[in-house]
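Just so it is clear, none of the values below were taken in a lab; they were calculated from the coordinates. Since we're looking at a predicted model, the values are computed, not measured. Glycine gets a Cβ as well: all are built from the backbone with ideal geometry, and neighbour counts include every protein chain shown.
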Amino acid sequence: MTFNSALFDPIQVCLDIEPALQTQAWQQSQSFATPSSQWNAYLNQLCLDTVLPWLQDAYERQATPAPSATALPGFWELVNGSAIAVNRTRLVLIPTEAIDVDEIRVPQEWVDIPDWIADYYLAVQVNPDDRWVRINGFTTHWQLKQRPVDWSDRTYPINESDLTADLNALWVARQLHPEATTRARVPAVSPLPLAQAQTLLQRLGDPSVLVPRLAIPVEQWRSLIAHGGWRQRLSDQRRGLPEQQSPLQWLQAGISNLSQQSGWTRLEFQPGLAVARGEATETTPVLAKELTIANHSYELRISAVDRTSNIWRFELQQSGGTIPAGIILRLLTEDLQPFAGNEDTANAPVEQLYIEVSLAPGEGLVWEIEPTPDHYDQEILRF
Amino acid sequence: MRPRQDLIEIFSTFLQLEADRFDRWAIEPKLRRSMQQCLAQTAQTNVSENFWALYWHKIWQTQDNLLNLAKEHLLAYVQESCYWAAQKTAAGFASNQSSLADCFQMAIAQIDKVLKGFDSQQGFNFKNYASATFNSLIRELLRQRQEIDICTDWALLRKISQKRLTESLVSAGLASETIASYILAWSCFKTLYVPMQASGTRQLSKPDRQTWEAIAHLYNSERYTQLSSSGTAVQPESLDKWLLACAKAARAYLYPSQVSINAPRPGQETGEFLDNLPETVQTSLLADMIAEEEASTRQTQRSQLTAVLINALKQLDEQSQTLLALYYQDGLTQQQMAERLAVKQYTVSRRLTKAREALLLTLAKWSEETLHRTATADLLKHTSTALEEWLKTHYSHPDLQSPDIPQMEPPS
């Protein structure tokens, strides 16, 4: 059964959900930790997989899940909503199963965490029984911020009458005035000390805490979850997944599934110097990830300099070219603090940027690059 | 239905239905007097009904003390629009228990949506805008009823917004403390009880004992932080009762018991018409002149706009033009169009969207150049609704697109 489009406002976009997609979304949702996160993942997957191809087709080929299709499910364990990046514009889809859409409640995270903020928020009604989704309308970050938070569930509620029903209005406004203000300012996230984060991760990682986002004070939650690595860790822990980000294990036993999906591969390299000398040496395994920075392809490489003393080398190269001036490769501690010798800057075009670090066993590192690569999401690598 | 003839009648009478059929027009004497005074002031007989609609809309927007009077006049004015919308939509979906009178009443009660949504600057006709809004309100109402009717109480509870539930409970006459407890109970229910299958979620059955206990447990720990007075611990049995009361209230909210048509008539009890009438005359003096001034440019704008849109339609590729005609002229649903053109519904939706986007872009540019109004997403919201109504009128009565022909929908 499909929807009866005569009963819908013609201005709003209504789309059939493909049956195969529904089956797949349901199966994937079963790996989530609690009944409500399973259901949340299911609705979000249905919504994203139906709306995204349509957006790509109708408006922008470049529309992609943000930060990436691999990372999004990690959000759904904790919060409702799916982000989409369209070039430099961000959209957040907020699915709801309500029959009425008198209001839509946007979780505070999507509005108050700087890296999560979108320009536009789309209310999407999902009907899994009749297999359709309907885009009820959209609003901007700026408009949402004019309203108070409902602290009972930490959301920004917005009435349907305050949404713009016609999605075309969004694209036309962007075409005519790409510089128009869509976002309001939000305060920066205060950093969370490592020890505190670890305690919180342990406590909230237990799925018997039904709604982790409401279980701790809002500022703590915001700081914890704004960290991409901790967000992923919390989600994994609740779903009973092991710590996935250990380069040493990747070198020894292969790369975990999720990390493979997020772009890490294992390569065998002959050290350049040895090849030049014509020496027969063993190859060195290297972990590599393709990145796109300002429309150019780069490769981030990690290799062990000395496994016994836990010394590692991070390298950034541009595929078939030099790295232009201004690019910075940087390493931070797990709680995002800098340390001595943690960055390498291209002051002039260079062959590569690299940093070598000596680490305590089990220590975590977060890498970042300026300018930020497409689909970047903070990840903690555990050494 | 007997169409109303003169301006005074159009802005001062209300539709009376008898057993779902038109019965008569009932005069509201105060409105009649107000209109008589206004007309006496203009001393012009050829002022159109749309002019008066725009005039009252402007009063509604700008004169706080006359807000209710203006609203009453506009409420009288849109009676036919709402009637035809109700008739057309109710007839198409006779399957459920929604009578014409019922649809009419539900829609007319939401007159505020018409008043708030209409933007007189866009150069569109007020009545057309009202028709479009009533049509979509009634469609949406019927869709919701259709769906709620086949939901179990437990499914319904999962498929209602918090705002709707709160309003339902308020309308059921519950005290605010009780409502807060019910809403918390409902939120705990939603956290713990979800469908166990991918579809058929409308048949959701009653939670089992274990789930009830978990819900009670969650409620009893949350009540300390979530309720202003935490009350006593509740047992699963009470929660069961509360939630069923929520479901009942939500259903009742969509099927309110029949009250007299045009019942919500704010301002009527306050005696404000009598008190304000002399002032009306004064205020209207100036406003009349301004509005008149605007109306003449508005007519030029409207014919320009029609020319711009007709031209933009011609620029569309043939396929888009066919789609628009199938949709607005032949009234096909997207599924029917998909079938006829042997493509997916998704493709029809995309192409229709693209065609409308092109028209909206043209209109937005025109509005920026001619009216000097920056096309913000907020402004485009009105433009888009108005465009939709223009398309409907264009395809159903191309002859009616000249500026000042009265836009009565034909009695069927």
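FRET efficiency for the B:Glu18 to A:Ser68 pair, using the beta carbon distance and R₀ = 51 Å, is estimated at 0.20. Comparing mean-square fluctuations of A:Thr34, A:Thr23, A:Thr139 from a GNM of chain A with C-alpha springs under 10 Å, the top value falls on A:Thr23.
How high is the FRET efficiency from A:Ala215 to B:Tyr255, r the C-beta distance, R0 35 Å, rounded to 0.05?
Working from the Cβ atoms, E equals 0.35.
Coupling constants for region A:241-258 follow from the phi torsions by the Karplus curve (6.51 cos²θ - 1.76 cosθ + 1.60, θ = phi - 60°), and in residue order they are 8, x, 4, 9, 9, 10, x, 4, 5, 4, 5, 7, 10, x, 7, 4, 3, 4 Hz; glycine and proline get x. In units of the compact-protein estimate 2.2 N^0.38 Å, chain A shows a Cα radius of gyration of 1.06. Result for chain A in a Gaussian network model with C-alpha springs under 10 Å: among A:Gln108, A:Gln337, A:Gln252, the largest mean-square fluctuation is at A:Gln252.
What percent does the relative contact order of region A:50-186 come to when contacts are Cα pairs within less than 8 Å and at least six residues apart?
On the way: 225 pairs, mean separation 26.6, N = 137.
Dividing the mean separation by the residue count of region A:50-186 yields 19 percent.
Label sites at B:Asp378 and A:Glu370, each approximated as a point 7 angstrom past Cα along Cα to Cβ, lie 3.5 nm apart. Distance between the pseudo-spin-label points of B:Gln329 and A:Val305 (7 Å out from Cα toward the beta carbon): 7.5 nm.
Determine the percent antiparallel among the DSSP beta bridges restricted to the protein assembly as shown, to the nearest 5. In the protein assembly as shown, DSSP labels about 95 percent of beta bridges as antiparallel. To the nearest ten degrees, helix A:19-29 and the longest principal axis of the Cα atoms of chain A are 60 degrees apart.
Per-residue 3J(HN,Hα) values for region B:102-113, derived from phi via the Karplus relation 6.51 cos²θ - 1.76 cosθ + 1.60 with θ = phi - 60°, read 4, 5, 4, 5, 4, 6, 5, 5, 9, 3, 4, 5 Hz in sequence order (x marks Gly and Pro). Taken over the Cα atoms of the protein assembly as shown, the convex hull encloses 193 Å³ per residue.
Note on A:20-27: average number of Cβ atoms from other chains within 10 Å of each residue's Cβ is 1.
Sorted from fewest to most neighbouring beta carbons within 10 Å, what does the list B:Arg164, B:Arg373 look like?
On the way: B:Arg164 21, B:Arg373 15.
If I rank by nearby Cβ atoms, fewest first, I get B:Arg373, B:Arg164.
Let me have the relative contact order for chain A, percent, based on Cα pairs under 8 Å that are six or more residues apart. Once divided by the residue count of chain A, the mean separation gives 12 percent.
Phi-derived couplings, Karplus 6.51 cos²θ - 1.76 cosθ + 1.60 at θ = phi - 60°, listed residue by residue for region B:14-20: 10, 6, 10, 9, 10, 6, 6 Hz, with x used for Gly and Pro. Candidate cross-link partners of B:Lys190 among the lysines, defined by an alpha-carbon separation under 20 Å and a same-chain spacing of 8 or more, comprise B:Lys159, B:Lys163, B:Lys206, B:Lys241, B:Lys248.
Residue exposure proxy: A:Glu109, B:Glu389, B:Glu18, ordered by other Cβ atoms within 10 angstrom of their Cβ from fewest to most, comes out as B:Glu18, B:Glu389, A:Glu109. Convex hull of alpha carbon positions in region A:170-264: directionally averaged projected area 9.5 nm². Once you've got the GNM for chain A with C-alpha springs shorter than 10 Å, pick whichever of A:Glu343, A:Glu268, A:Glu315 has the biggest mean-square fluctuation. For chain A, modelled as a Gaussian network with Cα springs under 10 Å, the answer is A:Glu268. Within region B:153-254, the proportion of Cα pairs with more than 18 Å between them is 44 percent.
Using a 10 Å cut-off around each Cβ, can you sort A:Ile99, B:Ile160 from fewest to most neighbouring Cβ atoms? It would help to have the intermediate numbers written out before the result.
On the way: A:Ile99 24, B:Ile160 29.
The most exposed by this proxy come first: A:Ile99, B:Ile160.
Stretched out straight at 0.36 nm per residue, the stretch from B:Gln197 to B:Lys58 would grow longer than its current Cα-Cα span by 44.8 nm.
Rounded to the nearest angstrom and listed largest first, the equivalent-ellipsoid semi-axes of region A:5-176 from its Cα gyration tensor are 21, 20, 17.
Taking the radius of gyration and the Kirkwood hydrodynamic radius from Cα positions alone, what is the Rg/Rh ratio for region A:247-382, to two decimal places? Numbers along the way, then the final one.
Values: Rg = 14.9 Å, Rh = 15.7 Å.
Result for region A:247-382 is an Rg/Rh of 0.95.
Pop the C-beta distance of B:Ile150 and A:Thr292 into the FRET formula with R0 = 51 Å and round what comes out to the nearest 0.05. Display every interim value, and only then the final one.
Details: r = 48 Å, r/R0 = 0.95.
Efficiency at R0 = 51 Å is approximately 0.60.
Here the peptides A:59-69, B:127-137 are ranked by packing, the mean other Cβ count within 10 Å, and the order with the highest first is B:127-137, A:59-69.
Given Cα positions, please report Rg to Rh for region A:182-320, the hydrodynamic radius being the Kirkwood one. Before the final figure, lay out the partial values.
Values: Rg = 19.7 Å, Rh = 18.2 Å.
My calculation puts Rg/Rh at 1.08.
With all pairs of different C-alpha atoms in the average, the Kirkwood value for the hydrodynamic radius of region A:194-238 is 10.3 Å.
Only lysines eight or more places from B:Lys365 in sequence, or on another chain, were considered; those with a Cα closer than 29 Å are A:Lys145, B:Lys58, B:Lys113, B:Lys116, B:Lys127, B:Lys314, B:Lys354, B:Lys381, B:Lys392.
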